[in-house]
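Chemist: Mind looking over this structure? Questions follow.
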Amino acid sequence: MSLALAAPNALATAAGDRLAALGGNAVDAALAAAIVSMVSEPGVSSLAGGCYLLVAPPGSPVVVVDANVTMPGRGLDVRPGQGTFAMHTDYGGGVDMTAGHGSVATPVTPAGLALVHERWGRAPWAEVWAPAIDVARDGFPMGAASSYYLQYVHETLYGWHEPSHAAIHDDDGRLVPEGGTVRIDHLADSLEAIATDGARVFTHGELGARIVDDIRANDGLVTRQDLAESRPIVRPATTAVATAADGRWRVATNPAPAIGGVTLTAMLELLTRSGPLPGHWDDDLLQRMVRAQDVVLARRVRDLDPSLDREAAAAILLDGIDAGDFDAAMASPSTIHVSAVDDQGLGCAITASAGYGSGAMPPGTGIWLNNCLGEHELNPHGLHRWEPGDHLPSNMAPSIAVGPDGQRLVIGSPGADRITTALLQVLVHVLGGATLSDAIAMPRLHVRHDPDGALSRVAHEEDLDVSVLDHELEPHHPNSMYFGGVAATMLHADGTLEAGADPRRTGSTTIT
């Protein structure tokens, strides 16, 4: 079987190649690459976080497996803020966050990986995990994205918990440099336990017990009941129709209660029906791009983010787009992503996040814990205000676009609230006729808003000519990691495969 794969690094794409050589399909390759990425991108992702897995079987509806983190605290009398501390980092222009064991949401990723493998995978479960086990045992080079992020937080966020600090520092206490070898004690053993005994060792077994015991000993909220009862949910994808020069494309993405897919759907439909898509930047597309982002992201800030009923709020937003309520307005981002598609038309996109990281690594596990309860943007009502079991909001938006001639473009990105705008721009350029690699490499912009939804400024890469815009501008260097890290694969109408990875994250691609 032939397949195309795009992933954060060469170790991850090599894992996909290995599964393809064993007879695996696009799902197996994507799972193996995602697990390796969670191992080999310290500070950027972790197995003890959340993810969304989009699966597009040929001839069947696209589904999204929601394995995002959930609110913990079943059976506890929660004191808002317990087990946490506040910190600030200059990363990304300045980020305030909350860390500590109390910032850890219930991780659902292992159970989500298992569900997708059981339903759509072909290779043995143990073989899917084997590349990550090898990487953990042999050690891996510190990647560019991890190195860049950890330079800001290695002593603050990753320095307060001894096992965490030891994993990324040498014997003299210096951060392992980019390209230097990272070896994390006990990580291979934890991965091998999951490969041998299944995800239940994490949700119900000894590995999960070690994680929970460390969290509870440090005033965190995750209980054994939380791990056992927080399960992935299979949801039908949200679908947008985008009109391009070659016909109508259908774009399927992550549905509510996640936020990212709904936002992407609204922006894409609004933008593509407001005028032709040239496949490159011009003054008209630049102005329409800013207006589309402004209209939808302002509604997100005001209505979608604070809503306690995100499904209802999402329906109101999308119904307004369908009804043309915003046409008049048009007239006037720590995460990893893997995309795979094979020659049978099976597509799989996986986006995973552990937030900015809690800084905690339970002794004897080698696994970093998330701080998704401490991401202020995703917790607008304050710390620990969700109900136990609630799936937290997310910007993640793994997607697939199906063209009029059967083309299948599998795409996603890391990048916090820049995920949706990065995907929007790449999709618009591809639909306008650009090649996949050119669309990913083109300069980007992102409209930023104040807490009240007012447009604050337009962040942009310096190689994008924005002189036509009449807004406050925030320039960034070309290929800035701030603007995401798109990974995409494409099955063309003639059966050829293509893969593209973002120079902003030094991604890797392979076609086998």
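The values are calculated or read from the model by the stated rules, or taken from the named source; none is laboratory data. All values derive from a computational prediction rather than experimental measurement. No Cβ is skipped: glycine too gets one built from the backbone with ideal geometry, and neighbour counts run over all protein chains shown. For accessibility, only protein heavy atoms count, side chains too; no ligands or nucleic acids. Shrake-Rupley method; radii C 1.70, N 1.55, O 1.52, S 1.80 Å.
Chemist: Using DSSP to define loop residues, name the trypsin sites (Lys or Arg not before Pro) in segment 217-273 whose beta-carbon has at most 15 other beta-carbon atoms within 10 Å.
Modeler: Passing sites in segment 217-273 are Arg273.
Chemist: Would you list Met289, Met1 from the most to the least accessible area, probe 1.4 Å?
Modeler: From most accessible down to least: Met1, Met289.
Chemist: Let me ask something else. Give me the accessible area of Glu229, 1.4 Å probe, in Å² rounded to the nearest 10.
Modeler: 80 Å²
Chemist: Next up: What three numbers, in Å, describe the spread of the alpha carbons of segment 1-90 along their principal axes, ordered from the longest?
Modeler: Sorted largest first, the three principal extents are 53, 33, 23 Å.
Chemist: Looking at the chain only, what percent of DSSP beta bridges run antiparallel? Nearest 5 please.
Modeler: Around 90 percent of the beta bridges assigned by DSSP in the chain are antiparallel ones.
Chemist: Here is a follow-up. Considering only protein heavy atoms and a 1.4 Å probe, what is the carbon-and-sulfur percentage of the accessible area of segment 200-261?
Modeler: Carbon and sulfur atoms account for 47 percent of the accessible area of segment 200-261.
Chemist: Within segment 1-103, what whole-number % of the accessible surface is contributed by carbon and sulfur, with the 1.4 Å probe and all protein chains included in the calculation?
Modeler: Numbers: 1380 of 2640 Å².
So the carbon and sulfur contribution to the accessible surface is 52 percent.
Chemist: Please calculate how many Å² of accessible area the chain carries per residue, with a 1.4 Å probe and no DNA, RNA or ligand atoms counted.
Modeler: 34 Å²
Chemist: Please report how far the C-alpha centroid of segment 203-238 lies from that of segment 245-266, rounded to the nearest whole angstrom.
Modeler: For segment 203-238 versus segment 245-266, the Cα centre distance is 30 Å.
Chemist: Give me the percent of the accessible area of segment 434-475 that comes from carbon and sulfur atoms, probe 1.4 Å, all protein chains in place.
Modeler: On the way: 880 of 1960 Å².
Here it works out to 45 percent.
Chemist: Compute, for the chain, the length of the dipole vector about the Cα centre, with Cβ point charges of +1 (Lys, Arg) and -1 (Asp, Glu) only. Units Debye, rounded to 20. Could you put the intermediate results ahead of the total?
Modeler: On the way: 31 positive and 62 negative charges, 184 e Å.
Dipole magnitude for the chain comes out near 880 debye.
Chemist: If you scale each eigenvalue of the Cα gyration tensor by 5 and take the root, what three semi-axes come out for segment 59-120, rounded to whole angstrom and sorted largest first?
Modeler: Listed largest to smallest, the semi-axes of segment 59-120 are 32, 19, 9 Å.
Chemist: On the full set of protein chains, 1.4 Å probe, figure out the accessible area of Ile133 and give it in Å² to the nearest 10.
Modeler: 20 Å²
Chemist: Report Thr335's accessible area, 1.4 Å probe, all protein chains in place, as a number in Å² to the nearest 10.
Modeler: 10 Å²
Chemist: Hey, what's the per residue convex hull volume over the C-alpha atoms of segment 336-450, in cubic angstrom?
Modeler: Value for segment 336-450: 176 Å³ per residue.
Chemist: Can you figure out the FRET efficiency of Thr243 with His88, using R₀ = 35 Å and their beta-carbon distance, to the nearest 0.05?
Modeler: Step by step, r from the Cβ atoms, then E = 0.20.
Chemist: Using +1 at the Cβ of each Lys and Arg and -1 at the Cβ of each Asp and Glu in the chain, identify which of Val104, Pro398, Asn25 lies farthest towards the dipole's positive end.
Modeler: Most positive-ward Cα: Asn25.
Chemist: Based on the Cα gyration tensor of segment 472-512, what are the three equivalent ellipsoid semi-axes, each the root of five times an eigenvalue, rounded to whole Å and given largest first?
Modeler: Working from the Cα gyration tensor, I get semi-axes of 29, 12, 6 Å.
Chemist: Distance from the Cα centre of segment 438-512 to that of segment 163-192, in angstrom?
Modeler: 31 Å
Chemist: Using a Förster distance of 22 angstrom, determine the FRET efficiency expected from the C-beta separation of Asp189 and Glu118, and round it to 0.05.
Modeler: Efficiency for this residue pair is about 0.40.
Chemist: If only Cα atoms are counted, what is the Rg of segment 445-497, and what is its Dmax, in Å?
Modeler: 16.0, 48
Chemist: Given the options His204, Ala145, Gly275, identify the residue whose Cα lies farthest towards the positive end of the charge dipole of the chain (+1 on Cβ of Lys, Arg; -1 on Cβ of Asp, Glu).
Modeler: My answer, from the dipole projection, is His204.
Chemist: Per q in 0.26 Å⁻¹, report the Debye log10 I(q)/I(0) for segment 193-274, using one uniform scatterer on each alpha carbon and no solvent.
Modeler: -1.11
Chemist: Then there is this: Normalised radius of gyration for segment 142-205, please: alpha carbon Rg relative to 2.2 N^0.38 Å, two decimal places.
Modeler: So segment 142-205 has a normalised radius of gyration of 1.33.
Chemist: Going by a ≥ b ≥ c, the root eigenvalues of the Cα gyration tensor, does segment 57-176 fall in the rounded group (a/c under 1.5), the prolate group (a/b larger than b/c) or the oblate group?
Modeler: oblate
Chemist: May I pose another question? Taking the Cα atoms of segment 392-512 alone, what are Rg (to one decimal) and Dmax (as a whole number) in Å?
Modeler: 15.3, 49
Chemist: Starting from the Kirkwood radius over alpha-carbon pairs of segment 150-252, derive D by Stokes-Einstein at 20 °C in a medium of 1.002 mPa s and give it in µm² s⁻¹. Mind dumping the intermediate values first?
Modeler: Values: Rh = 17.8 Å.
Answer, rounded: 121 µm²/s.
Chemist: Select from Val458, Ser413, Pro478 the residue farthest towards the positive end of the dipole of segment 334-491; place +1 on Cβ of Lys and Arg, -1 on Cβ of Asp and Glu, and compute about the Cα centre.
Modeler: Toward the positive end, the furthest listed residue is Ser413.
Chemist: Could I ask something else about it? Sorted from largest to smallest, which semi-axis lengths in Å does the alpha carbon gyration tensor of the chain give for its equivalent ellipsoid, taking the root of 5 times each eigenvalue? Walk me through the numbers before you get to the answer.
Modeler: Working: eigenvalues 218, 134, 94 Å².
Over the Cα atoms of the chain, the ellipsoid semi-axes are 33, 26, 22 Å.
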